[in-house]
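The values are calculated or read from the model by the stated rules, or taken from the named source; none is laboratory data. These numbers come from a predicted model, not from an experiment. We place every Cβ from the backbone using ideal geometry, glycine too, and count neighbours over all the protein chains shown. Accessible surface is based on the protein model in full, side chains and every heavy atom, while ligands, DNA and RNA are left aside. Shrake-Rupley method; radii C 1.70, N 1.55, O 1.52, S 1.80 Å.
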Amino acid sequence: MKPPHTNAVDPAAVDQNQRCGLVAIVGKPNVGKSTLLNALVGQKISITSRKAQTTRHRITGMRTVKDASGGGSQFVFVDTPGFQTIHTTALNKSLNKTVLGAVGDVDLVIFVVEAGSFTPADARVLKLLKPSVPVILLANKLDTVKERTQLPAWLQEMQTKYAFAELMPLSAKNSKDAQRLLNVCEKYLPAQAWWYGEDELTDRSEKFLASEIVREKLFRLTGDELPYTSTVVIEKFAEEPGKTVARMVRIAATIVVERDGHKAMVIGDKGERLKRIGTEARMELEKLLDAKVFIELWVKVRSGWADDEARVKSFGYE
């Protein structure tokens with residue numbers, strides 16, 4: 001069950017008072033899974049936007065909480081794409097395969113829904129879960145609920161749909177709520193050595209994080225105009241010696257869209273939108289990578305790529 005990792009901790013070198021386990025975060029698109037992951041890890045490692053299907057990969061985030069004795073708990077959270085039931089493109093089949101893989105071998109599942117709501121899409125995700133794995137029902141976006149007096153009855157009704165181990169209404173944007181969730185999750189972690197170093201936050205490479213940050217800015221700055229099938233491919237990610245800075249990274253990325261009209265939309269009037277996407281991505285990456293970043297962006301049309309299984313794989317999807 002231990003994930004492959006080159007920097008994994010040597011079991012012989014750790015305190016025996018340690019707990020460690022895999023926790024999958026699942027739910028339909030756009031219920032706040034990535035926001036929750038970032039809150040639990042304590043740093044942004046998964047991109048967020050209002051557009052459904054923003055998360056497309058299995059993203060692992062780690063949070064290690066040490067105690068005074070040198071032991072403690074290491075949470076290995078797995079953020080998954082929202083399970084898609086409407087579209088059947090090669091891309092969506094890949095995303096659903098990622099979800100199924102994530103829930104297959106974990107110690108705990110956090111099933112995220114919007115507080116006070118349970119839709120047919122939520123029900124379809126719930127059917128994927130294994131009765132042998134404990135499930136926390138996380139009723140997210142509590143801050144948006146107007147009639148909180150109705151929540152107890154709704155929670156009672158939810159308990160009739162599945163034998164949830166815990167019922168937790170909260171807001172993923174509230175740091176105290178995130179800490180409360182960590183405390184609840186801790187008791188479900190097996191007693192075993194940590195899998196990662198205590199300062200590690202994700203198993204994803206800097207190159208991957210760069211593509212995700214560019215894609216986030218792309219979606220945020222185009223709103224609902226741009227189809228979610230647009231993607232970003234990193235052509236170059238190179239660290240170069242800096243004359244005046246300790247670290248310098250040069251990135252070249254291609255934004256892939258399906259139509260010429262989408263290309264014009266991304267570029268914007270006189271290239272202003274593309275320039276803004278690059279500027280906002282660069283500013284965030286400089287903080288994330290602790291480096292001076294130079295980024296170049298191009299936009300290419302690849303019609304029908306999301307229906308092409310070979311091209312979906314070539315763009316980095318499983």
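Listed by position, the helices (runs of 4 or more DSSP H) inside the stretch 144-231 whose residues that are more than 26 Å from ARG63 (Cβ to Cβ) and open to solvent by less than 40 Å² (accessible area, probe 1.4 Å) number at least 1 are 151-159, 206-222.
Here the stretch 244-254 is the region considered, the condition is being of a type outside the set (S, T, N, Q) and at pLDDT below 90, and the residue that is most open to solvent (accessible area, probe 1.4 Å) is ALA246. Here the stretch 260-292 is the region considered, the condition is being part of a loop (DSSP other than H, G, I, E, B) and touching a helix residue (DSSP H, G or I) at 6+ places or on another chain (Cβ under 9 Å), and the residue that is modelled with the lowest pLDDT is ALA291.
The residues of the stretch 103-129 that are closer than 17 Å to LEU189 by Cα and either assigned to a loop (DSSP other than H, G, I, E, B) or free of Cβ contacts under 8 Å to residues at least 12 places away in the same chain (or both), listed by number, are VAL103, GLY104, ASP105, VAL106, ASP107.
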